[in-house]
Structure formats: C-alpha cells, structure tokens
1. So if we plug the beta-carbon distance of Val300 and Arg134 into 1/(1 + (r/R0)^6) with R0 = 51 Å, what FRET efficiency do we get, rounded to 0.05?
2. If we restrict to alpha carbons, what Rg and Dmax does the stretch 104-261 come to, in Å?
3. Give me Lys126, Lys237 sorted ascending by neighbouring Cβ count inside 10 Å, so fewest comes first.
4. What FRET efficiency comes out for Glu147 versus Thr215 if R0 is 56 angstrom and r is the Cβ-Cβ distance? Round to the nearest 0.05.
5. Describe numerically, in nm with one decimal, the distance between label points set 7 Å from Cα along Cα→Cβ at Leu311 and at Glu207.
6. Listed highest first by mean packing, meaning other Cβ atoms within 10 Å per residue, what order do 245-256, 221-232 come in?
7. By how many nm would the segment from Thr286 to Arg21 lengthen if fully extended, with 0.36 nm per residue of separation less the alpha-carbon distance?
8. What is the distance, in nm, between label points placed 7 Å from the Cα along the Cα-to-Cβ direction at Ser125 and at Phe271?
Amino acid sequence: MTRLDQAPSNFGTSTPRRRIRRRSLLACLTVFGIVMVLLAGCSGGGSEDASTAADMEVTDGLAMDRPAPAAESGVDDAGGDGSEDSAMASTLRSEQLAPQQAAVISTGTVTLRSDDVAAARLALSKVIDTYRGRVAEEQTDTDDTGELVSARVVLRVPSDSFSRVMDDLEAITDFHSRTVGTEDVTTQVIDVEARVRAQSKSLARIEALLAEATTFRDVVTLETQLTTRQAELESLKAQQAWLADQTSMATISVYLEQLPDKKKGSDDSGFVAGLKAGWEALGKATADVVTLIGATLPFVVVLGVLAWPGLFLWRRLRVSRAGAPAQTPSAASTGPDPSSE
C-alpha cells in the first residue's frame, strides 16, 4: 500500500523539477551566448593587436621610441614584401577592370628596287616628312663612280599612321617584298604603370619616416630601404618609357636596291646594236692603247736619256773611220816620184 501511495506523489512532483531544469538549461545557453559574443569582441581586438605587433616586427624595431607612428609605418610600409605586393595586385585588378586603350608595338619591313636609287631615296624622304617621322638609322653603298646603288633606312613613324606609311612606301618605286608584325603589350603596360604608382607611394612613406627618424639605427635602416626602392622605381620608369616609345612610334626598315641589268634577246641585234657594240669596242681599244702608251712612256724616256751619249759617240767614231781611207791615196800622190830619179 505504501508503494502505491508513494507512486502518485512521485509522479506529481516530477513536473516542477523538469521545468526547473529547462529554465536552468535555457539560462545556461543564454549566458553561454553572451560569453561567446564577448569572446568574439575580445578576439577581434586581439587580432588587431597581433597585426600591429607583426607590422612592428616588419619595420625592424623602428617603433621602439615612437610607438604610434611606427605602428602606422608598419601597416603602410610592410617592408616591401607581402602588403606591398597585395597593394600592387589590387591596383592591377582595378586597372584591368577600367577601360584601357590597347597598346601595340608595330614593326614592318619593305624592300624596294629601282633603276635610280638616289631618286627613290629622295621620294622616301618626302614620305617621312609627310607623316612627321624621323630616320633612326641609315646605311648606304655606292659604286666606283659614286652612284648610290643600295640603302638601308630605319624609320620611326607614328603608330596610328603605320598602315598608310607602308602603302605609300610601296608606291615609291618597284615593290619587291613586305613584312608586317604586331605585338600587343597592353597587359605589360598596365602592370608597369601599377608598379610605378605603388613604388612611388612606398618611396614617399619611406621618405616621411626618414624625416621623423631620431636614432642612428632608424636612419641607416630607412636609408637602405630608400636606396633600394629608388633603384627599383628608376628601373620601372625606364621600362615604362621604353613601352611608351615603342607603342607610340612604329619602326619600319626600308631596303632600297638597284635593279639588276636586264639581258635582252632579240633587241640586241641589228644596225643600232652593232653600232653600239662597235663604238663600245672602239672606246675600249682606245682606252687600252692610251693606257699602254702611258705605261711605256717612262721607260722610253729613260732609255732615250741613256742612249743619247752612246749614239753621239757612235756618230763621231763613224765619221773618223770614214775620213781615214780618203787621206791615204792623196798622201801617196804628194810624195817623191821614184821614176824621176
């Protein structure tokens, strides 16, 4: 009986206890949520402190005597490693999203042949002046008579006039060959421009820190960073200038050559052709004779000078020999007559 009487009493008291447990559990969950929110806020502040500490380590102890400015320098400067690369990458992405004019390097080669290379060179100068170009390089060859027989001219003309210049060059004289090449360097131009801007900002931050430096260690460290980044900036600017020159002015190499002698078949026969050939042969023979006379004349003069004394002596001897036989008979006739005695 006792057990039966106690069963209802236990059953009746279990409901309030469950309610108390549920309320306790709800309260614990509420407290736990509040604690998590507080911990999240603390962790955010701790991450900021950690990033500041990391930035201070990157600046190599520059923030020991100036905490606040050094911390800012650590965040902005980042020693030229990760944060600077990320800044340049973000700048590059923003530039790629913006509309960018295509940057193209244009090059061409034209070979022309003409009977009169000098006249073709003059016509080439007129084309250059028309499009406000310039001659970057020139090489010419002449024959024995001083006549221009070939020329190589490297032109720099505005890129927007590249096609028209090529067409006008082909119209100068007999066209032989043509080569055109293009290279799209738009991405390279954007990358170099972004790096120049990022490096300039980094250099300005280093200069500001150097102006505020108070210790010898800070000055030495900042001057080293300044020299390194200044050299990198100058290299980037040189690349930027080269790209600007190549994309704004196209390069064209023009070869001027003299036409080879055309051999004629049936046209080289007839009276006119024979007269021309005979006249050329006569001129050549005359030139050969004159050349021979000019070559032998010095020897003739020398031989004449040497032979003149010998010729003079030979004549005297001949005269003396001719007079001796004539005097012998006369002498015999003038002598005493043996018969008269």
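A short reminder: the numbers here are calculations on the coordinates, not readings from a lab. Small disclaimer: the values here were computed from a predicted structure and weren't measured. All Cβ positions, glycine included, derive from the backbone under ideal geometry; neighbour counts span all protein chains shown.
1. 0.25
2. Cα-based Rg and Dmax for the stretch 104-261 come out at 24.2, 83 Å.
3. Going from sparsest to densest Cβ surroundings: Lys126, Lys237.
4. 0.15
5. 9.7
6. 245-256, 221-232
7. Between Thr286 and Arg21, full extension yields an extra 81.5 nm.
8. Result: 4.5 nm between the two label points.
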